[in-house]
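These notes concern the structure reproduced below.
The values are calculated or read from the model by the stated rules, or taken from the named source; none is laboratory data. Computed from a predicted structure; not experimentally measured. Methodologically, a virtual Cβ is constructed for each residue, glycine included, from the backbone with ideal geometry; neighbour enumeration extends over all protein chains shown. We work out accessible area using only protein heavy atoms, side chains counted, and drop any ligands, DNA or RNA first. Shrake-Rupley method; radii C 1.70, N 1.55, O 1.52, S 1.80 Å.
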Amino acid sequence: MADKQTIKGCCPLDCPDTCAWIAHVEDGKVVRVTGDKDHPFTRGVLCAKVNDYPARTYSPDRLLYPLRRAGKKGSGQFERISWEEAVDTIAARFDQVINEHGAEALMPVTYFGSMGAAQKHAPMRLLNALGASDMHGNICGAPSIAILGDGHEIGFDPEDYIHAKLIILWGVNVLTTGHHHWHFLSEARKRNGARIICIDPRRTRTAAQCDQHIAIRPGSDAALAAGMARILFKENLTDLDYAGQIAHDLDAYREQVEPWTPERVAEACGIEAETVISLARDFASAEPAMIRSGIGPQQNAFGESVVWGLSALSILSGHARSKGGGLSIFNLPDINLGLSARADLKQEKTRSLDMTRLSEILNDETTANPVKGLLVWGTNPAVVLPNSAEIRRGLEREDLFTVVLEHFMTDTARYADIILPSTTQLEHFDVVSPWGHYYMAANNPAIAPLGESKSHGEIMRLVARRMGLNHPAMQESDEEIAAAGLPPELPLEALKKEGWRKHAPAPAGIPAPDKRISLAGYPAPAATPSRDGAAADSLHLLTPKSHYFLNSSFANMARQQQAEGGPKLEMSSEDAAMRNLADGQSIVIRNGQGTLKTALNISENIRPGTVSLSGKWWSSKDNDDAVGNFLVPSAWSPTGQPAFNDVLVQVESA
Ligand SMILES: Nc1nc2c(c(=O)[nH]1)N[C@H]1C(S)=C(S)[C@@H](COP(=O)(O)OP(=O)(O)OC[C@H]3O[C@@H](n4cnc5c(=O)[nH]c(N)nc54)[C@H](O)[C@@H]3O)O[C@H]1N2
Ligand SMILES: Nc1nc2c(c(=O)[nH]1)N[C@H]1C(S)=C(S)[C@@H](COP(=O)(O)OP(=O)(O)OC[C@H]3O[C@@H](n4cnc5c(=O)[nH]c(N)nc54)[C@H](O)[C@@H]3O)O[C@H]1N2
Ligand code: SF4
Ligand SMILES: [Mo]
């Protein structure tokens with residue numbers, strides 16, 4: 001008889017849903033993972049990306065041994081070495097960088113490949129103790145982080161979606177990017193007859209399930225929000241009593257939106273004036289209405305104008321004060337797992353580098369203190385950052401010593417000097433804090449690490465010991481590292497045993513008069529700057545999330561690749577006819593930044609003038625180099641969001 005066990009764990013990926021899973025172990029092998037039936041979001045199902053997660057863990061392509069570069073950077077040629085040799089090399093090279101250039105010449109490059117506190121933050125503990133440069137910047141939703149910092153409410157308990165009477169899905173593809181939220185939206189439909197309206201240049205999987213789809217021109221959402229606010233003011237559809245208690249500049253805001261007549265909005269957004277008017281009225285009259293917004297509309301040169309505009313609608317209408325009303329972008333438990341990184345270990349304040357500007361950081365030859373050593377983990381910058389060609393050029397530098405912690409030979413790992421094999425979520429302990437609901441989750445390891453893979457906590461401990469760092473924090477266990485940010489009311493032991501526990505933040509309430517916020521900070525832009533001087537036949541390129549990949553994760557997995565069906569550019573039949581292009585044919589997408597070759601997919605699901613290349617494909621897999629970020633120039637919004645969705649291209653037959 002097989003020895004069977006079930007282990008409570010959770011998905012580590014950068015996704016709003018943070019599912020709780022059960023790992024089914026038979027004779028020491030995970031045979032499957034299933035969603036936890038009792039978890040209020042997971043409800044027994046994972047998703048199209050993750051439901052075969054053991055295939056990732058047991059993949060024949062998995063990196064299981066330390067590797068040293070044995071060819072040109074980027075060539076992917078490596079040789080196996082022992083852990084001892086790998087750790088010795090890293091310690092010696094980091095020491096050399098510190099002695100010759102100072103510790104700030106070491107730079108962390110990390111994102112949310114794993115959102116687990118230990119996987120995400122343990123390596124930072126090492127760099128903090130060494131006095132390396134700090135890292136900041138957000139490649140995902142910088143405007144949302146900025147507006148949070150300014151005191152706006154951009155989240156509420158998504159379990160309250162069921163109370164909404166009208167739901168606007170504003171630039172979010174829920175059924176692909178966080179499908180467990182759909183349950184609560186459709187519950188609102190069932191209970192209250194709530195209408196669901198989707199605003200997206202593409203007719204997505206989500207838009208197809210909505211009652212109304214407004215195929216807006218990309219980059220014009222702030223104009224629509226301003227136009228709606230103008231109607232709210234004009235038709236007395238505002239809750240000025242409430243709004244005045246929240247914001248201090250209602251008059252300035254009213255003036256700011258005054259020029260946005262329905263006709264002008266219609267022109268900017270490529271929609272009907274009637275649509276603007278009815279949307280504003282429907283939104284105002286529902287009791288309550290909610291807006292759930294995603295990341296797509298923020299990823300342009302003025303993402304702040306979008307999130308500030310949506311927050312203004314939530315406040316002016318008064319919906320923010322009702323259960324199930326208001327704005328939902330990030331729904332965050334009030335917990336700071338970042339404490340696991342132990343910033344307090346730094347002896348002195350160090351400079352902080354913006355990871356979204358990695359191409360500049362690596363290639364700037366004039367800087368007084370260039371980066372000479374990189375520690376990369378939980379991210380694939382050669383694929384996910386703008387200006388991919390320049391990122392790769394920077395990573396090729398012979399004087400740069402790069403260490404990458406990875407599961408697979410990603411495009412980034414190919415540029416490493418040393419690659420260390422990381423454990424997957426089935427092989428280590430961790431704690432995950434979600435960004436789309438309030439259920440904290442623990443991940444118990446289901447099996448021992450495969451091959452010679454190690455958790456990031458273990459890697460930190462090894463290198464720290466070798467480098468003579470003897471602060472007790474440098475030898476804490478993974479569980480201790482993961483628990484560093486847990487509050488007393490959420491003890492680690494309880495979380496481990498129960499698997500997950502809700503930890504909602506306290507309600508925001510009405511601020512003191514001198515703490516009121518501003519609505520008028522980021523006006524809607526009068527015109528889209530990237531269109532100035534653009535050729536008449538330019539198309540607006542979007543690079544949204546794909547259904548079967550999680551950013552660039554899983555783009556190397558056979559099942560997910562097959563389901564995704566290969567990289568293809570989605571284009572309207574109108575645009576294809578103008579260019580004499582046929583469905584399925586090979587095409588070239590180009591702009592001043594770069595050139596890509598893909599297949600063409602003629603589709604009625606995208607508005608004319610806009611094209612879309614979904615999925616973060618790798619160039620090291622046979623897929624025509626369809627790395628969208630070869631076409632994305634270095635451009636940022638005012639608070640530092642890379643403008644991934646603010647790109648113009650030309651398309652022609654290959
Ligand atoms: N399957 C899957 N799920 C994921 C991810 C994944 O890669 N794959 N990634 C995860 C991550 S990191 C994140 S941040 C979330 C993101 O979740 P979402 O925000 O839902 O994802 P995106 O595809 O970036 O953008 C959503 C939609 O915005 C639209 N859009 C683009 N530009 C504009 C615009 O100017 N205006 C409007 N109104 N719409 C616009 C796109 O067409 C797209 O359908 O998803 C998470 N979940
Ligand atoms: N053009 C364009 N660019 C984009 C976006 C877009 O929509 N369009 N989306 C942006 C957004 S929203 C985001 S969030 C970023 C995402 O960018 P990233 O955070 O870089 O996301 P991934 O591409 O999934 O890369 C994560 C890497 O971490 C690795 N990983 C996962 N778990 C572990 C672990 O436990 N240990 C180790 N060592 N590695 C692990 C995976 O193998 C993978 O290579 O991309 C951004 N870039
Ligand atoms: S990627 Fe998201 S939806 Fe899929 S299992 Fe992980 S948390 Fe759940
Ligand atoms: Mo993201």
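Tabulated values for the structure
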read-out: Packing rank of 591-597, 234-240, where each peptide gets the mean count of other beta carbons within 10 Å, highest leading; value: 591-597, 234-240
read-out: Sequence ranges 163-172, 197-206, 257-266, 360-369, ranked by mean other-Cβ count within 10 angstrom, highest first; value: 163-172, 197-206, 257-266, 360-369
read-out: Environment charge of SER553, counting only residues whose C-beta is closer than 14 Å and scoring Lys/Arg +1, Asp/Glu -1; value: +1
read-out: The chain: angle of helix 303-316 to the longest principal axis, Cα-based, in degrees nearest 10; value: 50 degrees
read-out: Tilt relative to the chain, helix 83-101 - C-alpha long axis, 0 to 90 degrees, to 10; value: 70 degrees
read-out: Those lysines that a straight Cα-Cα span of less than 26 Å connects to LYS349, excepting residues fewer than 8 apart in one chain; value: LYS120, LYS372
read-out: Expected 222 nm ellipticity per residue - DSSP helices of 4 or more, -39500 (n - 2.57), all of the chain, to 500; value: -8000 deg cm²/dmol
read-out: Amide hydrogen neighbours beyond the local backbone of LYS323, cut-off 5 Å, H modeled; value: none
read-out: Reachable aspartates and glutamates, given that their alpha-carbon falls under 14 Å from the alpha-carbon of LYS234 and they are not under 8 places away in the same chain; value: ASP251, GLU255, GLU258
read-out: Rounded if a/c under 1.5, otherwise prolate or oblate - the range 539-653, Cα gyration tensor axes; value: oblate
read-out: Accessible surface, 1.4 Å probe, highest first, among residues MET1, MET355; value: MET1, MET355
read-out: Dipole moment magnitude, nearest 20 debye, the chain about Cα centre, only Lys, Arg, Asp, Glu C-beta charged; value: 940 debye
read-out: Per-peptide average of other Cβ atoms within 10 Å, ordering 287-298, 387-398 highest first; value: 287-298, 387-398
read-out: Cα-based reach from LYS4 at 24 Å (exclusive), listing lysines while leaving out same-chain residues under 8 positions away; value: LYS29, LYS37, LYS496, LYS497
